[in-house]
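First the structure, in the form of structure tokens, and then the observations on it.
The values are calculated or read from the model by the stated rules, or taken from the named source; none is laboratory data. All values reported here derive from a predicted model rather than from experimental measurement. Here the Cβ positions follow ideal geometry from the backbone for every residue, glycine too, while neighbour counts run over all protein chains shown. Note: areas computed on protein heavy atoms with side chains; ligands, DNA, RNA excluded. Shrake-Rupley method; radii C 1.70, N 1.55, O 1.52, S 1.80 Å.
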Amino acid sequence: MASEKRDKEEEEVKTDDGSPKIKPRPIVQLGIFLVAHSPVFSVVFSAAGVLALLILPLLAKNTYISENALMPGSARSMLSNRDVSDGSKLVKDIKNYWLNHEGQGVEVQKLIGKYMSDMGAEVYYQKFHPEGNQFHPLHFFSGPDSYTLLDNVSCASYGVNVAGIIRAPRGDGKESIVLVTPYDFINGGDYEALSLGITSTLFSLLARVTWLSKDIIWLVTDSRYGDYRPVAAWLTEYHSPSFKVSDLLKCGELNTADTFRRAGTVAAALVLKVDGRSERFEDTLSIYAEASNGQMPNLDLINVVNYLAVHRQGFYVKVEKVVSLLSSSWLKIIGEIFEAVGKLARTLNPDWNFGIPAADYLEGSATLASSLYSQALGIPTGPHGAFRDYQVDAITLKISPRFPPDSKTRQHDFFLRGARLLEGTIRSVNNLLEKFHQSFFLYLLTSPSKFISVGVYMIAFALLVAPLPMVAASLYIEGCKALTKSTDNPTENLKSWKWLDAAKQVFALHLLGFIVTLLPYFICQVPGQHSPRNRSIMWGTTSSSLLLITFAIIPGCSPFSSRHHGTNWAVLKSVTISAAFIGLCLMSIINFATAEIGALLLVPTCLMAQPIKPALRSRRIKSLLGAFCSMVLLTIGFPVMFFAISKGLFGEAVVGLSLGGEFWTWLESLWAWKSATYLYIGMVHLPCWLLCLCILFHPS
Amino acid sequence: MASLIRSWIPLLILQSFLVAIAFGSKEAEEFSEALLLKPLPDRKVLAHFHFENRAPPSNSHGRHHHLFPKAISQLVQKFRVKEMELSFTQGRWNHEHWGGFDPLSSMNAKPVGVELWAVFDVPQSQVDTSWKNLTHALSGLFCASINFLESSTSYAAPTWGFGTNSDKLRYGSLPREAVCTENLTPWLKLLPCRDKDGISALMNRPSVYRGFYHSQRLHLSTVESGQEGLGSGIVLEQTLTVVLQPETTSVETNMQPSWSLSSLFGRKVVGSCVLAKSSNVYLQLEGRLGHESKNVDTEIEAHKLWKNADFDLSLKPDRVLRESSSLLFIFDIDKSSDSEPFDLGLTWKLPSKWSCQQAPLQATRFLMGSGNERGAIAILLKATESQEKLPGRVVTDGRCTIKANIFQIFPWYVKVYYHTLQIFVDQQQKTDCEVLKKINVSPSTDKVSSGMLEMMLELPCEVKSAAISIEYDKGFLHIDEYPPDANQGFDIPSALISFPSHHASLDFQEELSKSPLLSSFKEKSLVRSYTEVLLVPLTTPDFSMPYNVITITCTIFALYFGSLLNVLRRRIGEEERFLKSQGKKTFGLKQLLSRLTAKIRGRPIEPPSSDSPAAQSSFLSSKLIFKIILVAGAAAAWQYFSTDN
């Protein structure tokens, strides 16, 4: 696209000089054609982009197991009733403990540890601090930081993880598989205890099998402090321990100094949770896969679990979906239209069976929307997210049994099936000689067994951003012409520098966006306790005053400056659109889903932005409508506004100042999780939005 | 009777033959076999096969061997090997439960895969050549890819860190080498009786390879005769160490499992190898002599030793020896025969618990960091419980210290920054001069040689833990340097931790015994332990994507042929002249713009594939051709979609 633009410029030079011109090549001709008709094409491409997004559920393919070495379900399960009784005994012991004791100390951890060591595992305990993520602007992308020690460690609150390692009898100890079961050691929980039962059943089996080639680590995390933090703390200790003395070791009666054990490079990790009662007749298995910044585990891991759960153990497998979309009528109508089109196509040619029933379409879209949303948010959907930071493929399996937790009769069968599912998965991963690399890493799920690969979903985004360079080029030519007409001074007539004024303005506002992005860090440093609302007010006032200062300092930047100093709005818009295009393309590499949602907002806003003064002056219906549209889009495009609207869509209406607090909390969570979406909002979306605002109030 | 005689005849012939040899030379070649069995604290049983073959010094010209394998002696003569050790290992030695401070573990606990070291008796300049030739010879002899050690990127020349001080020493290891029967068979072929007779007949492949640890070792050393004209003698020591899990039916977990030779190996010993000078089976029981009396004079007390309340031996030992903490029962298997096979069994009656003596510091090694760019290697030394009791502390300047040598090889693609070496003792960072006594570093050269690190640490005796970390960058390999299954990651060979001031030996105070196994236990051996092999994930290109390759190749072909045809077909001078003549006619911005718009409108009218000048000259005909092509294209597309899709 950039080359087309350059070609176009060259073209212009030659035509103006009037020198003989070489016949342009077809690709250049095509470029000229596209630029000349950019308004039509931008509408067509944008519409096609939205349409491509809508037909994505139709294009989803069935998943398949790409790595042959996995061989899921080919081995007979070796689980016996003895293993299950081990698991049941642990659950019973824990329940008895809760009946007789108050939840303090590390007795439950010790109980689990005793069970592990009785099975022949190496057991150790790890203490960790509940506070973890601290925002630091400079460490944003620098991976998981090494264990930062706090000097004033208080023994008041610390968590204790238990881990047991089974060494592969004939293995070389180079690789390991991690099983994680979060458990609240203070309050307990009947469903959580079931997850311990399943894993204990499995562990009892794994301790005596001979086929293991990778070591198995069973980690019971202290979920008192959330699901994520204990796993992250354990992984930090595993991968980047501090050899310096830690005050934490002296806390409590449990001595954990120098007992931490490791088992090689982690090949894969499974997080098992049991909670809630299934609403369906079968036991339900939910798969959570999204890690930070929209990173996904290898699709093969999900495939293996899905295959075993559906075809071997008879679970009902589901992935997250946006429930509110299931009842939306517009989506249903679209689904019906697609169904009709599909039927029509099939009557023309029986081989064209791309149509799917409207209900399937609705389900697929709701799942796709959830998948896009979770990836775009950039916040991991479970403890498995901590593993992705270390390039480990991990998923969370949440099992909801169909029986109440105290039903003894069903428990046996439930343990057997749950453990068999995990056994099959571990056996498949154990078979792997290489790490997961065969299948997809970039995909969106529309159901547990259907996916859209990167090659397909990129089309929607590409179509959406395609008009940007075209419009930028055409606006640039237009603006150049206007400038040439308005100025007679030949020195100012240098074409190649006409964009410089506009670029200055764009750069200034991007710099502002960068500063605004960093501001929350400094606001957090302000001493004293502040509510999120106050902090957001602080942030808002500082940002707007900074904006005013920018307008005052840099001449020609402000939309309120006099006409002669101001740049041509067409050139400004052209540079803005170029900046937005570059920003969106960069973001699509970092986190595709964010870029897709961002493009849906930013592309129409940028394309529609035009000064309202001439429109009001002209009083023509068309221009008034255009001005109205751009104003509406700008209002929606304001991050806080969009946040409020999306909240409203999810059914939580927030108004007034509390919105500021909510927004602040949301942003805080974004940067705490090191989500690139935060950077996108601050450094791409906000500056482009401000620039569009400048164009809207441009005094031309 | 006749059959008996017939079976005796060859034996008699052999006997006379042997006698002839014995009288013919000053010192005869000797072969001895032994099996040591040792119950381990974690309900497993260690079986250590030990075969020793001695060739005395003799005239090197026209040398003939009776028992000694010719292949080995040729190897020694050809490559002038002074000392050599080759080991094939599967599984990990559990230092915690199987011990780390006895001759058995310090000699037989080997790193996973193949390890080879050799000292040569050649001038310094020829050492590398000899090493390369030796690796190839061994590779052929043992059906293993030892020849990969030939490349200078895979071996190193340790100076003092390995324990043997020699500048003609070469060391290399292959962590990924799989060990199987194909390596055991050539190893057995070196024995005079192979696995047909004697103790080696126990080596039933399925049971040997079912074990938790399997290490097959070959150690040879030359003995200088000191006499003129005589060559050097060779001592070949072959050991196989396996750790087996006896099958047990008892549910009680604290009870040691009972076993017998036939239950462990599925076979029994039916007589010794007739060529062996001695063939014994030893049973070592650890940690059960603290309270019992020293003298075993009376028959009853001796009987008590092997049939008591704790355990029961199925056979009466020929002798019982004792050491400070262990009992050794010696069985001579000469008496066994087909009708009365030797099948030693041990039956436990009471639960018993003991622990093995461990090395002063237990070493673990792991990788730190994440991502494909950089990382760090850390070695953690932890004090074991038995550390205080051990001898071998050195008191210098009033400080009691433990010495530990660390020897490690880094492949070149792990680019180690030696200046980032950090040492923590008891969670306190120490400067290098405080604990580091000696260090020798040879940095790696990309694609030429591997890096090597030798360190001598002097730690205080009361040390609880020590950590050493060193950072590295991950290198990039050329596409054809990647091994198969590159996505698994790359191995960093085990580091060797040795304790130069600690020596392990088991002295059973038995002067009479000429048993090579016992005398090798009696020798003071350096306490050493190998750490884990590490797996470093490196960036790997996507090999399994032929689609990309096809796409790129096709693109390159298309670009190449397209531009080539363009260059051949177009006449640029003519085109420019044509344009100039046209440019004279039309002039000015307005006209050019109108021409541009005309061109834009006219572009789809131009048929893209028309190269006949007639079509371009006539506007009408080109329109016609375009229409025809459009219709034909539509028809072709319809046909394609209706049939193929």
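What is the number of the single condition among (1) within 19 Å of the chain's Cα centre (by Cα); (2) assigned to a helix (DSSP H, G or I); (3) touching a residue at least 24 places away in the same chain (Cβ under 8 Å) that residue A:643 does not meet?
Every listed condition holds for residue A:643 apart from (3).
Which members of the stretch A:407-438 meet the condition of being of a type in the set (Lys, Arg) and in contact with a Phe, Trp or Tyr (Cβ under 9 Å, 6 or more places away or on another chain)?
A:410, A:417, A:427
Looking at the stretch B:122-140, is at least one residue in contact with a strand residue (DSSP E or B) (Cβ under 9 Å, 6 or more places away or on another chain), more than 29 Å from residue B:505 (Cβ to Cβ), aromatic (Phe, Trp, Tyr) and surrounded by fewer than 22 Cβ atoms within 10 Å (Cβ to Cβ)?
No, the stretch B:122-140 contains no residue that is in contact with a strand residue (DSSP E or B) (Cβ under 9 Å, 6 or more places away or on another chain), more than 29 Å from residue B:505 (Cβ to Cβ), aromatic (Phe, Trp, Tyr) and surrounded by fewer than 22 Cβ atoms within 10 Å (Cβ to Cβ).
Inside the stretch A:309-381, counting only helices (runs of 4 or more DSSP H) that do not spill past its ends, which hold 2 or more residues that are within 14 Å of chain B (Cβ to nearest Cβ) and farther than 21 Å from residue A:295 by Cα?
In the stretch A:309-381, the matching helices (runs of 4 or more DSSP H) lie at A:329-348.
So which helices (runs of 4 or more DSSP H) stay within the stretch A:568-633 end to end and still have 3 or more residues that are over 25 Å from the mean Cα position of the chain (by Cα) and of a type in the set (Gly, Ala, Ser)?
In the stretch A:568-633, the matching helices (runs of 4 or more DSSP H) lie at A:569-590.
Residue by residue through the stretch B:428-450, note down the ones that are hydroxyl-bearing (Ser, Thr, Tyr) and not in a loop (DSSP other than H, G, I, E, B).
Of everything in the stretch B:428-450, those that are hydroxyl-bearing (Ser, Thr, Tyr) and not in a loop (DSSP other than H, G, I, E, B) turn out to be B:442, B:445, B:449.
Looking at B:85, B:115 in this structure, which one is surrounded by fewer than 22 Cβ atoms within 10 Å (Cβ to Cβ) and under 18 Å from residue B:172 (Cα atoms)?
B:85 is the lone residue from the list that is surrounded by fewer than 22 Cβ atoms within 10 Å (Cβ to Cβ) and under 18 Å from residue B:172 (Cα atoms).
Report, by residue number, each residue of the stretch A:387-409 that is in a helix (DSSP H, G or I), buried (at least 19 other Cβ atoms within 10 Å of the Cβ) and charged (D, E, K, R).
A:388
Going through the stretch B:170-192 one residue at a time, which ones are among the β-branched types (Val, Ile, Thr), within 15 Å of the chain's Cα centre (by Cα) and in a helix (DSSP H, G or I)?
none
Go through the stretch B:344-363 and report how many residues are closer than 30 Å to residue B:461 by Cβ, more than 14 Å from chain A (Cβ to nearest Cβ) and either open to solvent by 40 Å² or more (accessible area, probe 1.4 Å) or not in a loop (DSSP other than H, G, I, E, B) (or both).
Matching residues across the stretch B:344-363 total 3.
Quick one: which of A:433, A:463, A:475 is among the hydrophobic types (A, V, I, L, M, F, W, C), open to solvent by 10 Å² or more (accessible area, probe 1.4 Å), within 14 Å of another protein chain (Cβ to nearest Cβ) and touching a residue at least 12 places away in the same chain (Cβ under 8 Å)?
Only one candidate qualifies: A:433.
Do you know which residues across the stretch A:174-192 are crowded, with 19+ Cβ neighbours inside 10 Å and farther than 30 Å from residue B:493 by Cβ?
Residues satisfying the conditions are A:180, A:181, A:182, A:183, A:185, A:192.
Taking the stretch B:434-475 on its own, how many of its residues are touching a residue at least 24 places away in the same chain (Cβ under 8 Å), surrounded by fewer than 20 Cβ atoms within 10 Å (Cβ to Cβ) and aliphatic (A, V, I, L, M)?
Total meeting the criteria: 2.
Considering A:61, A:95, which residue is in contact (Cβ under 8 Å) with a residue 12 or more places away in the chain, under 30 Å from residue A:437 (Cα atoms) and of a type in the set (D, E, K, R)?
Going through A:61, A:95 in turn, just one is in contact (Cβ under 8 Å) with a residue 12 or more places away in the chain, under 30 Å from residue A:437 (Cα atoms) and of a type in the set (D, E, K, R): A:61.
Rundown of residues vs (1) of a type in the set (A, V, I, L, M); (2) under 31 Å from the mean Cα position of the chain (by Cα), yes/no style:
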{"position": "B:400", "(1), (2)": "no, no"}
{"position": "B:408", "(1), (2)": "no, yes"}
{"position": "B:422", "(1), (2)": "no, yes"}
{"position": "B:444", "(1), (2)": "no, yes"}
{"position": "B:452", "(1), (2)": "yes, yes"}
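Looking at the stretch B:476-493, which of the residues that are more than 12 Å from residue B:540 (Cβ to Cβ) and in contact (Cβ under 8 Å) with a residue 60 or more places away in the chain is farthest from the other protein chains (Cβ to nearest Cβ)?
For the stretch B:476-493, the residue satisfying everything is B:493.
Which residues, taken from the stretch B:364-376, are open to solvent by 20 Å² or more (accessible area, probe 1.4 Å) and in a strand (DSSP E or B)?
B:364, B:367, B:368, B:374
Name the single residue, out of those in the stretch B:63-74 being assigned to a loop (DSSP other than H, G, I, E, B) and open to solvent by 80 Å² or more (accessible area, probe 1.4 Å), that is modelled with the lowest pLDDT.
Looking at residues that are assigned to a loop (DSSP other than H, G, I, E, B) and open to solvent by 80 Å² or more (accessible area, probe 1.4 Å), I get B:64.
Suppose we filter A:245, A:266 for residues that are within 14 Å of chain B (Cβ to nearest Cβ), of a type in the set (A, V, I, L, M) and surrounded by fewer than 19 Cβ atoms within 10 Å (Cβ to Cβ); which single one remains?
Only one candidate passes the filter, namely A:245.
If the requirement is being closer than 30 Å to residue A:520 by Cβ, surrounded by 20 or more Cβ atoms within 10 Å (Cβ to Cβ) and modelled with pLDDT of 80 or more, which of these qualifies: A:159, A:171?
It is A:159.
Do the conditions hold for residue A:281, that is, is it farther than 30 Å from residue B:214 by Cα, of a type in the set (Phe, Trp, Tyr) and within 14 Å of chain B (Cβ to nearest Cβ)?
In short, no.
Which one of these is under 30 Å from residue B:353 (Cβ atoms) and aliphatic (A, V, I, L, M): B:86, B:46?
B:46 is the lone residue from the list that is under 30 Å from residue B:353 (Cβ atoms) and aliphatic (A, V, I, L, M).
Within the stretch B:84-149, considering only helices (runs of 4 or more DSSP H) that don't extend past its boundaries, which have at least 1 residues that are within 14 Å of chain A (Cβ to nearest Cβ)?
Output list reads B:95-98.
With within 29 Å of residue A:298 (Cα to Cα), within 12 Å of another protein chain (Cβ to nearest Cβ) and either under 26 Å from the mean Cα position of the chain (by Cα) or modelled with pLDDT under 85 (or both) as the only criterion, which of B:544, B:594 stands out?
Just a single option satisfies the conditions, and that option is B:544.
Taking the options B:535, B:496, B:517, B:506, name whichever one is among the aliphatic types (A, V, I, L, M), within 14 Å of another protein chain (Cβ to nearest Cβ) and open to solvent by less than 40 Å² (accessible area, probe 1.4 Å).
B:535
From the list A:177, A:186, A:198, exactly one residue is within 14 Å of chain B (Cβ to nearest Cβ) and either under 19 Å from residue A:87 (Cβ atoms) or at pLDDT below 90 (or both). Which is it?
A:177 is the lone residue from the list that is within 14 Å of chain B (Cβ to nearest Cβ) and either under 19 Å from residue A:87 (Cβ atoms) or at pLDDT below 90 (or both).
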